[in-house]
Amino acid sequence: MKEGKEKSMGITYFEKERIFKLDTKNTSYLIGITDEENFIGHIYYGKKLEDHNLAYLLRTEESPYVPSVNARDRVSFLDSFPMEYPGHGTGDYREAAFRVKTQAGHTACSLSYVSHEIFAGKKEIPGLPASFAKTGKDGKPEGCFTLELLCTDSVLNLTAVLSYSVFEDTDVIARHVSILNNSENTIWLTKVSSMCMDMDNREFEAITLHGSWARERHIQRQKIGIGMQGVTSGRGESGHQDHPFIALVTPNTTQDTGEVYGVQLVYSGNYEFRADVNQYDSVRLQAGINPVDFCWKLEAGAHFDAPEALLTYSASGLSGMTAHYHDFIRQHIIRSPYKDKKRPILINNWEATYFDFNTEKLLAIAKEAAGLGIEMLVLDDGWFGARSSDNCALGDWVVNEEKLPGGLSGLAEEINRLGMKFGLWFEPEMVSPDSDLYRKHPDWAIAVPGRTPGRARNQYVLDFSRSEVVDGVWEMMERVLSSANIEYVKWDMNRPLSDLGSAALPPDRQGELSHRYMLGVYSLQERLVSRFPNILLENCSGGGARYDAGMLYYSPQIWCSDDTDAIERLAIQEGTALIYPLSTIGAHVSDCPNHAVGRVTPFETRGYVALAGTFGYELDVTRIPEEDRKQIPAQTAMYHKYNDLVREGDYFRLASASENQMYDSWQVVSKDGTESLVTFIQVKGRTGQRSRRIFLRGLHPDKKYRIEGEDGVFGGDTLMYAGLQVAGLWGDFQGKLIHLVQV
Ligand code: DGJ
């Protein structure tokens, strides 16, 4: 190591220049410390650089704002300086990354650098989901390094640790912030962002994901302008409506070209993502817990951990960001033993029976399904307490033996005898007003004293900020899960939080409820996966209202949407796959007319769309048309043939029906480039359109490929640059799979 240069693989500290350089495979991130007041400035994030001395980008020498020379215009200086983690109220009038309130009622705060540490691997974040490093054969972390910048507000005696972890194998930087109260006084944190980044605006456009129930994660793109723009959730969950993700892209960015800055949170509760453009046309990008209703009491000696943020930069368009996030989530977020495994093809009884089922009906479905190649029956809502509709019994996690004589163990045994696995639905966070649990513990529901809490789907939310509530639910769940051979759990959550009030929290801690609720949910999921490590967990929230990297830390897959219509799913799965790997996308073939939109689509097309996910069925296999049922053995074989590729390969978006209104196409390519699967869905037939050309991606340009079932051999370069002609299909909603193998 050269003098004055402290290096730890991906992270280097240049002591003389007081610059930190963080390098991933293709990106660099530079941080500088100013003279005098030791402000931590953001210098650069983008394409990988050789040079490190880019301090000129901090503009600290631009008179009259020269902190090392005079303090004459400190306020003006602070209002334009690209601060790495800005405080509030001392001259920077832009949106602060963190805010406080002191006992004296003051709100000013400002951080300065004190020291740093660079080490291999990364620390866990207590109670929160977070990315992790790989472990080498020697048990030591591999390919991951962390920089911790220790900074302080010496007036408040508050310490912040800004931590940055770089991962060698992916172009992602994980950021985390921890705040410690070193003073003798209580202080209230009213905002703690997980990341902040100041950049010159480059006519950025923001890409965000939006929707509604059964219409999640549609992609929106718009130019950002002066002022604030962003996405938030105050629903206590990531939500159907918005999504904990934003990307800023340079104008005209396509799948292949343009620069992309992506940010997502490893968090499932309330969030705020904002891009503020200021008077100097610089943009401050932030992500973290939504400050609305947030107020955390930090007693002397206590600390607060903000959720982790995942940053990525791509110089090669959206597909670069997608690839980084897919690989990162598969390798550094999902822990489940199922993450690299084929998941059993399941059949879920929800759209088949809703609440109208009994053992006989379930076994009839299972018997028929087993003969068709389906591998697991999942019993959805309605198996417990007096649950005969969605009006009652949530919280009473005891099997209803009237519906299921012999209980779950008898049912599971019967199903196992058919050669199938058995899975079960829960909604642990909820309670029905008409339930034994609520009658016994009315104070366990979230509510404001004196105000009747609002119902949604006729249910209340349990106060998971209280450990006794979490324990009480766990006891019931554990009993059920130990009572039968249950190999899969679907964890549902069917309403957002409202009427925020906890019967257990003191008045000055009520502002902690939403975050403490999430910590309670995470703790229960952790108990579930550690006590039953072989259970395959699928998260769900009224479809896809809690689809985020936080949940993927516990479950390798998430039910993507309650809209199972193949055509509606195109936009939903396109938006989801923009940042999440296909291996996480819960997708099933359902019956027609579709229960959400009434559309009729070919059974074959429904299979192709579900194939770009975990794959399963959501129908009564004893009652669907014979010509559909006959297709199931071939469909299940198709899943087995392609799932390794879909689950582990690189994903490319080739065409978007949301943009062209006509057809959708995506492709997966094996990591070694020797095999690829292209899916083409013709949403609308059109006269005169005999064929369509699509340009493949990710192949070896100098290798030859054969298309299964067709004559001839094509060069990878031909398929990518000249394109592949997909013959016209007859009718709307038609689909085609194209399988290529290198020769
Ligand atoms: C919402 C889920 O998304 C559905 O799949 C189903 O499990 C219902 N809840 C059951 O209430």
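On inspection, Asp711 does not qualify as modelled with pLDDT of 95 or more, out of contact with any helix residue (DSSP H, G or I) (no Cβ under 8 Å at 6 or more places or on another chain) and not in a helix (DSSP H, G or I). Looking across Leu437, Leu408, Leu497, one residue alone is aliphatic (A, V, I, L, M), under 26 Å from Pro344 (Cα atoms) and more than 16 Å from the ligand (Cβ to nearest atom). It is Leu408. Of all residue pairs spaced 6 or more apart or on separate chains, those with beta-carbon atoms under 7 Å, a first member in region 234-248 that is more than 21 Å from Asp562 (Cβ to Cβ) and a second member that is modelled with pLDDT of 95 or more and assigned to a loop (DSSP other than H, G, I, E, B) are Gly234/Asn270; Gly234/Asn290; Gly234/Val292; Gly234/Asp293; Leu248/Phe204. Could you tell me whether any residue of region 444-455 is outside any loop (DSSP other than H, G, I, E, B) and at pLDDT 95 or above? There is at least one residue in region 444-455 that is outside any loop (DSSP other than H, G, I, E, B) and at pLDDT 95 or above.
Looking only at region 627-678, residues that are touching a residue at least 60 places away in the same chain (Cβ under 8 Å), over 26 Å from Gly716 (Cα atoms) and out of contact with any Gly (no Cβ under 9 Å at 6 or more places or on another chain) come to 1 in all. Got at least one residue in region 70-79 being modelled with pLDDT of 95 or more and basic (Lys, Arg)? There is no residue in region 70-79 that is modelled with pLDDT of 95 or more and basic (Lys, Arg).
Filtering region 534-573 down to residues that are of a type in the set (A, V, I, L, M, F, W, C) and free of Cβ contacts under 8 Å to residues at least 60 places away in the same chain, which residue is farthest from Gly616 (Cα to Cα)? For region 534-573, the residue satisfying everything is Ile535. Checking each residue in region 566-624 for being within 16 Å of the ligand (Cβ to nearest atom) and hydrophobic (A, V, I, L, M, F, W, C) picks out Ile572, Ile585, Ala587, Val589, Ala596, Val597, Ala610, Phe615, Leu619. Take the residues in region 319-353 that are in a loop (DSSP other than H, G, I, E, B) and among the basic types (Lys, Arg), then tell me which one is nearest to the ligand (Cβ to nearest atom). Per the criteria, the residue is Arg343.
Condition first: among the hydroxyl-bearing types (Ser, Thr, Tyr) and either within 16 Å of the ligand (Cβ to nearest atom) or crowded, with 24+ Cβ neighbours inside 10 Å (or both). Now tell me which residues in region 525-564 satisfy that.
Ser541, Tyr547, Tyr553, Ser555, Ser561, Thr564
Screening Ser514, Ser498, Ser502, Ser465 for residues that are surrounded by 21 or more Cβ atoms within 10 Å (Cβ to Cβ), among the hydroxyl-bearing types (Ser, Thr, Tyr), over 23 Å from Gly385 (Cα atoms) and out of contact with any helix residue (DSSP H, G or I) (no Cβ under 8 Å at 6 or more places or on another chain) leaves exactly one candidate, Ser514.
Take Leu424 and tell me if it is touching a strand residue (DSSP E or B) at 6+ places or on another chain (Cβ under 6 Å), in a helix (DSSP H, G or I) and either buried (at least 21 other Cβ atoms within 10 Å of the Cβ) or not acidic (Asp, Glu) (or both). So Leu424 does not fit the description; no.
Pairs meeting the criteria (first residue in region 481-501 and in contact (Cβ under 8 Å) with a residue 24 or more places away in the chain and in a loop (DSSP other than H, G, I, E, B), second residue away from the ligand (no atom under 13 Å from the Cβ) and among the basic types (Lys, Arg), beta carbons under 6 Å, at least 6 apart or on different chains) are Glu487/Lys421; Pro496/Arg235.
Among residues of region 518-533 that are closer than 16 Å to Val266 by Cα, none has a beta-carbon under 7 Å from a residue that is at pLDDT below 95 at least six positions away or on a different chain.
Of note, Pro307 satisfies the criterion of being within 29 Å of Pro141 (Cβ to Cβ), touching a Leu at 6+ places or on another chain (Cβ under 9 Å) and assigned to a loop (DSSP other than H, G, I, E, B). The single condition among (1) in contact with a helix residue (DSSP H, G or I) (Cβ under 9 Å, 6 or more places away or on another chain); (2) under 22 Å from Gly607 (Cβ atoms); (3) surrounded by fewer than 21 Cβ atoms within 10 Å (Cβ to Cβ) that Gly685 does not meet is (1). Per the listing Asp499, Asp508, the residue uniquely at positive phi and either among the basic types (Lys, Arg) or over 19 Å from the mean Cα position of the chain (by Cα) (or both) is Asp499.
The values are calculated or read from the model by the stated rules, or taken from the named source; none is laboratory data. If you're wondering where the values come from, they're calculated on a predicted model, not measured in any experiment. Here Cβ is always computed from backbone atoms with ideal geometry, including for glycine, and neighbour counts include all displayed protein chains.
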